[in-house]
1. Please give me, ordered by residue number, the trypsin sites (Lys or Arg not before Pro) of the stretch 61-100 that lie in loop per DSSP and have at most 14 other Cβ atoms within 10 Å.
2. To the nearest 20 debye, what charge dipole does the stretch 14-104 have about its Cα centre, counting +1 at the Cβ of each Lys and Arg and -1 at the Cβ of each Asp and Glu?
3. Compute the Rg/Rh shape ratio of the stretch 14-104: radius of gyration over Kirkwood radius, all on alpha-carbon atoms.
4. If each residue of separation counts as 0.36 nm, what is the full-extension length gain between Asp33 and Asp11 once their alpha-carbon separation is subtracted?
5. In nm, give the distance between the simple-model label positions of Val26 and Ser57, each being 7 Å from the Cα along the Cα-to-Cβ direction.
6. Grab the beta carbon distance between Thr104 and Val67, set R0 = 30 Å, and tell me the FRET efficiency rounded to 0.05.
Amino acid sequence: MSATLRKLTSDAPRLLTANRLRDGAVIFFTGQDLASQSQDGFGPAWSRAIADAPLYSLAEAEALQAVAAQNPQLVAPYLVEADATATGPRPLKMRERIRGEGPTVGLPVNPASLTQAKAA
């Protein structure tokens, strides 16, 4: 699968994200050597925690994205503009915050309760 690389122009720092082909998990580049990634597109180079993602300048991030785009186990690696905070990067766009931090509503502990609530 070939990914189209988009050119970004703002000076905001970037992090690199993608989805893992095997299960669709949202993953973030950790700053580890991309050559150290395992065959499944995860390994030490990728994490499911956005807090593990370092921020890069635009030029650095674009170079990393070009390498990541060559991995057939990653779906559409792309760059996200983010601010550095004490707890890790915070994406500037709400869509990316939700991708990195999870749903904006509480999910039921028991998924069966959703079916029961609809039947009532």
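Readers should treat all values here as calculations from the given coordinates under stated rules, not as data from a laboratory. All of these numbers come straight from a predicted model, not from anything done at the bench. Heads up, the Cβs are rebuilt from the backbone with ideal geometry, glycines too, and the neighbour counts pull from every protein chain shown.
1. Lys93
2. Dipole size: approximately 280 debye.
3. 0.93
4. Result for the pair: 5.5 nm of gain on full extension.
5. With each label point 7 Å from Cα toward Cβ, the separation is 2.9 nm.
6. Efficiency for this residue pair is about 0.40.
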